[in-house]
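Reviewing the structure listed below.
The values are calculated or read from the model by the stated rules, or taken from the named source; none is laboratory data. No experiment lies behind these values; they were computed from the predicted model shown. Glycine gets a Cβ as well: all are built from the backbone with ideal geometry, and neighbour counts include every protein chain shown. Quick note on the areas: whole protein, heavy atoms, side chains included, nothing else; ligands and nucleic acids left out. Shrake-Rupley method; radii C 1.70, N 1.55, O 1.52, S 1.80 Å.
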Amino acid sequence: MVFGPSAPAISRSTIVHDPFDEEAFDEILPKAAGLRLLLAECEIPLAQQLAFDLFCSFYKYFVKLRSPAEIAPECRGHRDLLSRALELREHEKLRAFTRLKPPETALATELVLDALLEEMKRTPPAAEDTGAAEEARDSSSESARGVTTQRLREVMKDAREDLQSVTELVAAWSSGPGQETRLPAELKLRLMRDVVRNPRLRMIALLFGRYRRLGLRERTLPAMRASQEVVDFIQGGDVARALAGELSSFAMEEREDLFYAKVVTHSLLIYELWRREEEPRAVYLCIDNSGSMAGEKEVWAKASALALAHLALAEDRPVEVVLFGDAADPLRVVSMRPEDNVSTRLEKLLDVASYFLGGGTDFVKPLSHVLDALEMGHHTGSDLLFVSDGLCPIPEDFVRRFREAKARYDLRMTSVLIGEEPLALGEISDTVHRLDEALQAGEALAAHFASAFLERGHEPLHATRAPLRPGRGTPLLFDHFLPADDES
C-alpha cells in the first residue's frame, strides 16, 4: 500500500474545465465550418487541443490555469502561451464579446488560432530531428513558446475589433426596436464569418457600427419635436419626454434615487405626443457603384447608407436602396420594410454590402426609378440621398420633370459629391455636401445625416464645404438642471 497524497492527474488541457465546457465545444464545432476546416487542414500536432484551450479561455466565466505538474510535457508550451495571453488586456476585452456565447467564442477561436498557427509555422523547431512523434509534439510545444507576447497582443486586438464590428452589425439587423432575436448558432456563425473573412464587408461593418452610434446620438431631440404636439400626460420611462417637475428630482441629491426608480418602473409623468405626419416618410438611398467608387469611397457610402437605413427602419420608415452604375448597367434595387423578418433583413443587408458593378456613371437612370416609384405609389413625403463621385450631364427636360415631381410629391433630396463639383445635381438637390477624396469629413457627415436628413430636411441648408463637427446638436430637456461649467 502507498500512503500519502496521490499524484496529480496529468492532462493535455491547460485550462481547468468541466464536462459542460467540453459539451459546449463539441456542440458548436460541427456548426463552425471555418474552425472545423482549419483543424482538418492543420499539420501541427495537438492543434485541436490548443483550439479547445483557446475556446475555454474565451468561453468560461472564470478562467484558471492548471499547474505545470498537472500538464503533459508535450502541452506545456500551450500553457506558457495561454498564461501570457490571460495577462493581456486585449484578451479580457475580447472576452467581453465571447463569455458564455458559443457562436462568438467559436469565431474568436478560429481567428486567433489561425493567426497563431501561421506564427508557429514560422517559428523554427528546437529539436533537429523531428521524425519521431514524441519529438514532433515537443517541437509543437516549443513553437507555441516561440510566439512573442507582442504578436499575441496584436492577434487578440485584431480578433476583438473584427468580432466587435460583426456582432454589432448582426445584432442591429437581426432584431427590431426593443426586442432581441436569437439566431440559430449555425446561421449566426456563417453570417459573422462571411463578413469577417471579406475585407470589404469587414470594413463596412466596422464603419456601420461607428456611424450608427453617432447617428443615435444625433437623434437625441427635445421632448416636443416640430412634427409632434402634446395631447396628454401619461406614465412612462422616456426621460426626454418627462415633465419638468419630475426632472427636478434629478438635480436634487436626496431625490435622485427616486428619479431613477421611476425611470426603471416606467412611472415618470411624461408628455403624450401626437405625430402630425400620419404616414412615415419613405427613404430612397441611391449609391454610385461605378468603378471609380471602388475602395474607401464605396465602403464609406455603403456604411453610411446602411446606418441611415437602420435608423429609418427603427422609425417604421420604408427604405429602398438603389445601387447604380452606367446607363447600360442594371439597377440593383433592394427594398427594406420594417416588417421584414430576421433572415430577410440579413439577406438584404449582405446584398447591399457585397454588390458592386464597376464601369461608368449615369444619374438619370436611378433618378428616373425614384420618380417612377413615386408616381406609381402616389406617396407624398419622401427623402432621397444621392451619393456619387462622378460627373454626369442631366438633360434639361428631365431637370424640369424632376423639379415638378419634387414639388408634387414633397420629395427632399440630399446629394453628396466626393471630389467633384455639384454642377447638374446642384440644380435638383435641396442640400449638397462635398467631400474630398480622403473623406476627411466623412464621419461627421454620416452622423449629420441622422438629424439633417431624417428629421430636419425641411430646413434650408447650403452646400457644406467646411468639415462638420460631430456631436449632440440639441440638448436634452433636463440639461438646464445640471450645474453650469465655470466661465473663465
Quick check for you: which residues of the stretch 415-453 have the amide N under 11 Å from the point 7 Å beyond the Cα of LEU391 toward its beta carbon?
420-424
For the stretch 294-406, the dipole about the Cα centre with charges only on Cβ (Lys and Arg +1, Asp and Glu -1), to the nearest 20 debye, works out at 100 debye
Quote to one decimal, in nm, the extra length available between PHE62 and LEU88 on full extension: 0.36 nm per residue of separation minus the C-alpha distance between them.
7.8 nm
By how many nm would the segment from THR149 to GLU315 grow when fully extended, if each residue of separation counts as 0.36 nm and the alpha-carbon distance is taken off?
55.1 nm
Tell me, what is the FRET efficiency for VAL399 and ARG197 to the nearest 0.05, using R0 = 35 angstrom and their Cβ-Cβ distance as r?
0.20
Any chymotrypsin sites (Phe, Trp or Tyr not before Pro) in the stretch 265-369 that lie in a DSSP loop and have at most 13 other Cβ atoms within 10 Å would be none
What FRET efficiency would be calculated for the residue pair VAL230, VAL264, taking the C-beta separation as r and a Förster radius of 35 Å, to the nearest 0.05?
0.90
Carbon and sulfur %, accessible surface of the stretch 1-110 computed with the full protein complex present, 1.4 Å
56 percent
In nm, to one decimal, how far is the modelled label at GLU70 from the one at ALA240, with both set 7 Å along Cα→Cβ?
5.2 nm
